[in-house]
Amino acid sequence: MPKIRTHRGTAKRVKVSANGVVQHRHQFSGCGHIMSKRTRKRKRKFRKDMPVFSGDLKRLAPTIPYLV
């Protein structure tokens, strides 16, 4: 039986925490374009990782078999 390949694009964007929660970066975390209109509080929240929603996790799980 061959090994299942991990989708490298998904693996670079997702990480598993110590508690087993799959996390991804916030939507606007890496973008610095027109950030002046966003509040400091909102920009600060962009820095943190978010847990992946359960519906999205069902879609992502086959692409990252050894991380989940």
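Readers should treat all values here as calculations from the given coordinates under stated rules, not as data from a laboratory. If you're wondering where the values come from, they're calculated on a predicted model, not measured in any experiment. Because the Cβ atoms are built from the backbone with ideal geometry, glycine has one as well, and the counts that use them run over all protein chains shown.
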### Per-region count, segment 4-29, residues in contact with a Phe, Trp or Tyr (Cβ under 9 Å, 6 or more places away or on another chain), part of a loop (DSSP other than H, G, I, E, B) and more than 19 Å from K58 (Cβ to Cβ)
4
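Would you confirm whether or not segment 34-45 contains a residue that is β-branched (V, I, T), over 18 Å from R8 (Cβ atoms) and in contact (Cβ under 8 Å) with a residue 12 or more places away in the chain?
Keep residues of segment 34-45 that are β-branched (V, I, T), which gives 34, 39.
Add one more test, that the residue is over 18 Å from R8 (Cβ atoms), and what stays is 34, 39.
From what is left, the residues that are in contact (Cβ under 8 Å) with a residue 12 or more places away in the chain are none.
Within segment 34-45 (the criterion being β-branched (V, I, T), over 18 Å from R8 (Cβ atoms) and in contact (Cβ under 8 Å) with a residue 12 or more places away in the chain), the answer is no, since none of the residues qualifies.
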